[in-house]
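*Asks:* First the structure, which I've put down as structure tokens, then a few questions once you've had a look.
Bear in mind these aren't lab numbers, they're just calculated from the coordinates by the rules spelled out. Predicted model, so just to flag it, every value in this text is computed and none were measured. Don't worry about glycine lacking a Cβ; one is built from the backbone with ideal geometry, like all the others, and counts go over all protein chains shown.
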């Protein structure tokens, strides 16, 4: 079964990685958290996916901004400073001898900590925040980046921020998981999700763009996570005089588009060749190929 933009080839080196659990480097098979941990019990926490290039974490400042803003929004104390967290990330990279390796992806997870009992109220938390850093050798498949993915529009909507604000990169991802399930059972790779008004919002694990008559469109962002890669694509469009718009648009606009693509930290810029059975391109189109090259250059500039 396809896994969308997150499809990858298993790497045997991942069996012996050391995972950083609250500052302690722990063999993968022994890395655990309590069954009373807020993340396991309630999805109470925030997280980031990070990509390592040439020994440096790409766009780290933007990712940390989002992590600390999210923790502040849910009144969660991460418990260590931003500088200490950066040190811990690079200690994890060095501890796994990944500093000179390519294809390293990191999942940084912070939960509210251990609860004294299974209950929602944060006042029952009895420990500092739980901080877990998982580094893996994991790269997007070249075939995915070149040939793209197929999307299916699901009935599951992006929620009203008064219900659960989609700006939070929270551990609770059931909304996106149910969307993903519907899309994969329909034979697609990822889900395209609409907002409460019926405009195109985002995908279940990536941000969505279309290309129409030389213009690049993405959603208004009202019902989406603030995407790091999405923002970087908007940036490179503006730097290279490519018209780019954040706006409301419908599925009719999508079906009539010249190209479509999705963005995310793991795979970067990936063509979306088919939406709801409408074939937009065979593989990547010229705009997607150009943006992939510009995005790669931006990464090199950032980690330099």
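*Asks:* Could you calculate the FRET efficiency of residue 174 with residue 77 from 1/(1 + (r/R0)^6), where r is the beta carbon distance between them and R0 is 25 Å, rounded to 0.05?
*Replies:* After rounding to 0.05, the efficiency reads 0.50.
*Asks:* Over the stretch 120-168, with a single point scatterer placed on each C-alpha, what log10 of the ratio I(q)/I(0) does the Debye formula yield at q = 0.20, 0.21, 0.27, 0.28 1/Å?
*Replies:* Relative scattering, expressed as log10 I(q)/I(0), comes to -0.98, -0.97, -1.01, -1.02.
*Asks:* I've got another one for you. Restricting things to alpha carbons, find the Rg to Rh ratio for the stretch 120-222 using the Kirkwood radius for Rh.
*Replies:* Radius of gyration relative to Kirkwood radius: 1.04.
*Asks:* Work out the FRET efficiency for residue 117 and residue 248 from their Cβ-Cβ distance, taking R0 = 41 Å, and round it to the nearest 0.05.
*Replies:* With R0 = 41 Å, the Cβ-Cβ based efficiency is 0.40.
*Asks:* Of all DSSP beta bridges in the stretch 143-303, what percent run antiparallel (nearest 5)?
*Replies:* Roughly 65 percent of the DSSP beta bridges within the stretch 143-303 come out antiparallel.
*Asks:* What do you get for the angle between helix 82-95 and the principal long axis of the chain? Use alpha-carbon atoms, 0 to 90 degrees, nearest ten.
*Replies:* Taking the Cα atoms of the chain, the angle to 82-95 is about 90 degrees.
*Asks:* To the nearest 10 degrees, how steeply does helix 228-239 sit against the main Cα axis of the chain, on a 0 to 90 scale?
*Replies:* Orientation of helix 228-239: about 40 degrees from the principal axis.
*Asks:* Right, something else. Under the definition of Cα pairs under 8 Å and six or more residues apart, what whole-number percent is the relative contact order of the chain?
*Replies:* 19
*Asks:* Then there is this: Return the tail of the calculated pair distribution for the stretch 143-303, meaning the percent of Cα-Cα pairs more than 22 Å apart.
*Replies:* 36
*Asks:* For the stretch 86-169, rounded, prolate or oblate, judged on the Cα gyration tensor with a ≥ b ≥ c (square roots of eigenvalues), a/c < 1.5 rounded, else prolate if a/b > b/c?
*Replies:* Oblate shape, in that a/c is at least 1.5 and b/c is the bigger or equal ratio.
*Asks:* For the stretch 12-138, what's the relative contact order in percent, using C-alpha pairs closer than 8 Å and at least 6 residues apart?
*Replies:* Averaging sequence separation for qualifying contacts and normalising by length gives 36 percent for the stretch 12-138.
*Asks:* In nm², what is the average projected area of the convex hull enclosing the Cα atoms of the chain?
*Replies:* Result: a mean projected hull area of 15.4 nm².
*Asks:* When DSSP assigns beta bridges and you keep just the ones with both residues in the chain, what percent turn out antiparallel, to the nearest 5?
*Replies:* Taking every DSSP beta bridge within the chain, about 85 percent pair in antiparallel fashion.
*Asks:* Separate question: At q = 0.10, 0.15, 0.17 Å⁻¹, what is the base-10 log of I(q)/I(0) for the stretch 12-138 according to the Debye formula with one equal point scatterer per Cα and no solvent? Please give it to two decimals.
*Replies:* -0.31, -0.69, -0.86
*Asks:* Kirkwood Rh over Cα pairs of the stretch 1-86 into Stokes-Einstein at 10 °C, 1.306 mPa s: D in µm²/s?
*Replies:* Reported coefficient: 102 µm²/s.
*Asks:* Between 0 and 90 degrees, rounded to the nearest ten: what's the tilt of helix 174-185 against the longest Cα principal axis of the chain?
*Replies:* Roughly 50 degrees between the two axes.
*Asks:* A follow-up question, please. Per residue of the chain, what 222 nm ellipticity follows from adding -39500 (n - 2.57) for every DSSP H run with n ≥ 4, rounded to the nearest 500?
*Replies:* -8500 deg cm²/dmol
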